[in-house]
1. Kindly check whether there is at least one residue in segment 16-36 that is of a type outside the set (S, T, N, Q), assigned to a loop (DSSP other than H, G, I, E, B) and within 30 Å of Gly129 (Cβ to Cβ).
2. Can you tell me which residue is modelled with the lowest pLDDT among those in segment 97-111 that are farther than 20 Å from Ile76 by Cβ and surrounded by fewer than 19 Cβ atoms within 10 Å (Cβ to Cβ)?
3. Please work out which residue is farthest from Val324 (Cα to Cα), limiting yourself to segment 64-83 and to residues that are hydrophobic (A, V, I, L, M, F, W, C) and surrounded by 23 or more Cβ atoms within 10 Å (Cβ to Cβ).
4. Examine segment 125-132 for a residue that is crowded, with 17+ Cβ neighbours inside 10 Å and under 25 Å from Ala15 (Cα atoms), and state whether such a residue exists.
5. List pairs: first in segment 169-184 and under 19 Å from Lys44 (Cβ atoms), second part of a loop (DSSP other than H, G, I, E, B), Cβ under 6 Å, 6+ apart or cross-chain?
6. So which residues in segment 30-43 are surrounded by fewer than 19 Cβ atoms within 10 Å (Cβ to Cβ) and over 19 Å from Ala66 (Cβ atoms), if there are any at all?
7. Given the conditions (1) crowded, with 20+ Cβ neighbours inside 10 Å; (2) modelled with pLDDT under 90; (3) in contact with a Gly (Cβ under 9 Å, 6 or more places away or on another chain), which single one is not true for Leu159?
8. So which residues in segment 209-228 are outside any loop (DSSP other than H, G, I, E, B) and buried (at least 19 other Cβ atoms within 10 Å of the Cβ), if there are any at all?
Amino acid sequence: MTFDALLLHPSLLAAIADLGFEHPTPVQAQAIPPALEGRDVLGKAQTGTGKTAAFALPILHRLLPASTPRLRALVITPTRELAQQVHDHIAALARHTPLHGHCVVGGDDMRQQEDRIRRGCDWLVATPGRFADHLRRDYVDVGALEVLVLDEGDRLLELGFLPDIQEITSYLPPRRQTMLFSATLPAEMQGLARQLLDSPVRIDIGTTAPPSPVSEEVWPVAARQKFELLAELIRRRGIRGALVFCRTKKRADALVGKLAALGHKVEVLHSDRSMPERRKALAAFRSGKCDFLVATDLAARGLDIDEVGWVVNYDVPSAPEDYVHRAGRTGRAGRTGTAISLMAPNEEILIAKAERLTHQRLASSKLEDFVYITERQSGPAPREHSHKPAAFNTRAASREKKESPFTRTGKARPAYEVPDPEKERQKTKRRRSRIKKRLPHEK
């Protein structure tokens with residue numbers, strides 16, 4: 001099949017030709033025809049399968065010919081980086097049309113985003129929290145909205161955005177086209193689909209293994225010897241342009257310092273970094289100005305970074321699905337790549353889970369002339385905190401100790417008392433009278 005067979009608008013076909021796309025991917029071939037008919041779509045597909053064009057092309061086709069700019073299509077994504085990437089991809093497909101859109105994410109100036117929204121746009125890509133903030137004000141007009149897309153739906157729920165999604169959909173017109181794409185479809189995800197979608201066309205392009213050009217390696221090593229082994233692998237194999245994954249932000253920052261001490265150019269990507277810092281880190285890695293990009297699972301989903309030759313799991317992911325997503329960052333577009341996992345003794349069970357999911361055996365490797373330290377399994381494996389229905393929490397509970405507004409006798413504490421204007425006036429009068437009695441010239 002070619003894109004011409006999909007009967008898309010000529011301006012969209014011209015943009016597709018400019019981008020060098022010749023044939024639609026399986027998810028595009030199955031999702032675009034029903035989406036062009038206006039039907040709801042529920043798609044299960046891994047990242048890197050062409051989902052963005054699968055919903056962007058029907059949206060742009062529907063918005064043409066353009067009239068007065070009004071918000072007619074909304075795309076919700078879980079992370080800021082993915083939102084910016086989706087926005088850029090839609091803009092590239094709309095290059096030969098008068099349509100234009102905006103990207104609205106947290107970390108950017110709220111007033112500038114408000115100005116862009118007030119000026120009008122045809123489509124908008126946003127993260128849920130920031131768009132919900134805009135919706136609570138009176139300048140966002142969603143009365144003309146025709147299409148809603150939830151991209152990486154399982155990740156949206158995993159990050160606790162369900163209340164924001166429910167609030168956003170409560171503002172939108174009930175008669176609309178809704179498309180939901182997700183890498184996995186757990187019970188919680190299917191429940192959300194039943195709420196939002198009307199008789200959807202189901203598409204399953206999911207795969208449980210990284211791309212075939214990816215060579216997967218497992219290196220058993222003591223936990224305290226991981227960096228030593230990583231440094232030796234970098235030296236012997238000439239690893240550069242690698243995406244290195246850590247389990248936590250603290251471990252990522254620590255690894256950046258160690259790699260920089262060896263003279264490598266390193267950038268870090270996690271949620272504690274500001275939006276300009278995150279954009280700078282991604283731009284430096286994409287342009288080849290840094291040797292390593294150390295990241296948490298923030299970079300495991302959706303981000304399309306060309307020519308990633310190496311992926312290193314400095315920490316084995318606790319969820320087997322995350323292993324597939326991480327390894328899928330390399331070997332894209334038919335290129336070859338290598339995924340290396342440094343496995344501590346307490347992470348053996350996590351590798352076993354990844355093997356069961358991918359239905360393949362991962363061979364262990366040993367480095368010659370490297371002195372390994374014998375280490376027993378110290379503690380249990382890291383807990384799997386996501387991808388199970390029970391783990392889709394709405395928000396992380398605050399650890400701040402909360403004081404009850406009432407005492408044990410049932411009386412309200414002073415900080416929680418309901419203000420009584422008359423009582424406050426009486427207090428002021430008594431205070432002034434006491435002050436007057438103490439003034440010498442009043443005696």
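1. No.
2. Among them, the one singled out is Asp109.
3. Checking each candidate, the answer is Ala73.
4. Checking segment 125-132: at least one residue is crowded, with 17+ Cβ neighbours inside 10 Å and under 25 Å from Ala15 (Cα atoms).
5. What qualifies is Gln177/Gly38; Thr178/Asp40; Thr178/Leu197; Phe181/Asp151; Ala183/Gln46.
6. Within segment 30-43, Pro33, Pro34, Glu37, Arg39 meet the criteria.
7. If we test Leu159 against (1) crowded, with 20+ Cβ neighbours inside 10 Å; (2) modelled with pLDDT under 90; (3) in contact with a Gly (Cβ under 9 Å, 6 or more places away or on another chain), just (3) comes out false.
8. Across segment 209-228, the qualifying residues are Val214, Glu216, Val218, Trp219.
The values are calculated or read from the model by the stated rules, or taken from the named source; none is laboratory data. Keep in mind it's a predicted model, so treat the numbers as computed, not measured. Neighbour counts are summed over all protein chains in view; Cβ atoms, including those assigned to glycine, are modelled from backbone coordinates with ideal geometry.
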